[in-house]
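Everything on this sheet refers to the single structure shown next.
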Amino acid sequence: MAKKPIRMFFISLGCPKNLVDSEVMLGRLVQENFHLCADPDDAEVAIVNTCSFIDDARVESTEVINEMLAAKEAGTLKAVVVTGCWPEHEKQKLVDEFPGVNLFAGFAAYPKLGEHIRKTFKRKKSSSSVFQVRKQTQPLTAETARLRVTPRHYAYLRVADGCSNTCSFCVIPRIRGRFRSKKPSDVLAEAKELAADGVKELIIIAQDTTSYGKDLDGRKAKEGLAGLLRKMAEIDRIEWIRVLYGHPATISDELLDVFAGEHKIVKYLDLPLQHVSDNVLGAMRRKTTGRETGELIERIRRRVPGIALRTSLIAGFPGETEKDFCELVGFVKGARFERLGVFQYSREPGTGAAELPGQVPDDVKAARFNELSELQEKIMLEYHKSLAGEIVPVIIDSDAGEEDKAVGRTFADAPDIDPVILLEGADTDAGKTGLARIAGLSGLDLTGEFIESE
């Protein structure tokens, strides 16, 4: 007997890794006769997939949960469900803070989430149920049959989950468990399914992407991410493969050779460094030094000419002195990252860094954040100006709203986090790759002319 249809509204918050979780959940729920609504006013249940990595993420999650609870109170919704990292991380706090939520579901509840939601409609009691995830030690398997919410031409492909690093500022190992790679065969099966669904750009993600395979056996471990990327590049219809979330301690020459030699691998690497001062790196437990970091950047640029490097930095980490910060500023000036994001340190309960002496005052953190952000904006604009007249690879994302104009991205730009390029002479065939001649700037974005397909 077919299950009774349930109308759902779904909100995914946080990073691309959380988005993959959302797409997996949505795929399963649709198979169980849940119907996705674009407006909560048309739904019976609202599902909020939360992020809790830093305080700002929890603030956003709180606002969305309260908005859905208000809709429930007004009689629009019958139930509110909260999933994701936050219930996994702080179960009891959420139960106390949001008594109107019908169901809190951790990761292990996802395969039976539809069943759990249906049970909430049958219960007469209004108290919340909690399905907390067991420790994440089970193998990571293929995440197929996703209901994708990204544009059809690009998709995030998770190759591993969890993290076995012990960075003192990070709660991910507590939330996601130890590092676990998918089997290469599972990753490739996902990639082929995505290609068949129209994906042109695969964006490879994990908590620690460049450690892929280290926990696998034998030849699979030896081949690592480099071997996996070579096999992905053989898949028909996939035209771009982009790598996010590398770790500076696991960038091998073999991996860089794949970047340099395989034309489908976009010459772009996201490599969060967090800091460069030995004093701060040691307190962060980052497994690298400032000298090694500088040598790594030089090695990457030497072995992969023309690569665009993106990094993330933390301003105001506990114990960060003015000298440490000046060293970081000097490093950014010298490294000249094409793309860079800065975050103010967030004191996360239960982490080693939360208990460190020398917590930096909020106003100092903000000032350092602003100085780094302004410096990077200047560097990025100088990089953009240096591209004038150059011909670079691009991918079209959408219509620009005018005839023969489109919005796209260069090889140096990942979706959502990096600038875009406004293209003249381009059709609106999203996912089309080609070349563009850079003309100039539009604010922080680029402008250019689409001159030919690849």
message: Out of everything in segment 52-101 that is in contact (Cβ under 8 Å) with a residue 40 or more places away in the chain and among the polar types (S, T, N, Q), what residue ends up being farthest from GLN207 (Cα to Cα)?
response: SER61
- prompt: For segment 141-239, list the helices (runs of 4 or more DSSP H) that sit wholly inside it and hold at least 1 residues that are at pLDDT 95 or above and closer than 27 Å to LEU281 by Cα; which are they?
  reply: 218-232
query: Regarding GLU32, is this residue more than 18 Å from LEU147 (Cα to Cα) and outside the structural domain of PRO173 (by TED's automatic domain parsing)?
result: no
message: Can you go through GLU377, GLU402 and tell me which one is out of contact with any strand residue (DSSP E or B) (no Cβ under 7 Å at 6 or more places or on another chain) and either of a type in the set (Val, Ile, Thr) or closer than 30 Å to ARG347 by Cα (or both)?
response: GLU377
- prompt: Can PHE317 be described as of a type outside the set (D, E, K, R), touching a Lys or Arg at 6+ places or on another chain (Cβ under 6 Å), modelled with pLDDT of 95 or more and not in a strand (DSSP E or B)?
  reply: no
Subset of segment 338-350 that is of a type outside the set (Ser, Thr, Tyr) and in contact with a strand residue (DSSP E or B) (Cβ under 8 Å, 6 or more places away or on another chain) - its residue that is surrounded by the fewest Cβ atoms within 10 Å (Cβ to Cβ): GLY341
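Among the strands (runs of 3 or more DSSP E) contained in segment 382-437, which hold 2 or more residues that are closer than 18 Å to TYR156 by Cα? Give the steps one after another, and end with the answer.
Values: elements: 391-399, 405-410, 421-424.
Passing ranges, in order: 391-399, 405-410.
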- prompt: Of the residues GLU402, GLU371, GLU382, which is surrounded by fewer than 15 Cβ atoms within 10 Å (Cβ to Cβ) and in the same structural domain as ALA308 (by TED's automatic domain parsing)?
  reply: GLU382
- prompt: Taking the condition on the phi < 0 side of the Ramachandran plot, crowded, with 21+ Cβ neighbours inside 10 Å, in a helix (DSSP H, G or I) and not assigned by TED's automatic domain parsing to the domain that holds LYS91, does ALA353 pass?
  reply: yes
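The values are calculated or read from the model by the stated rules, or taken from the named source; none is laboratory data. Bear in mind that the values here come from a model prediction, so they are computed numbers and not experimental data. So basically every Cβ, Gly included, is an ideal-geometry build from the backbone, and we count neighbours across all protein chains shown.
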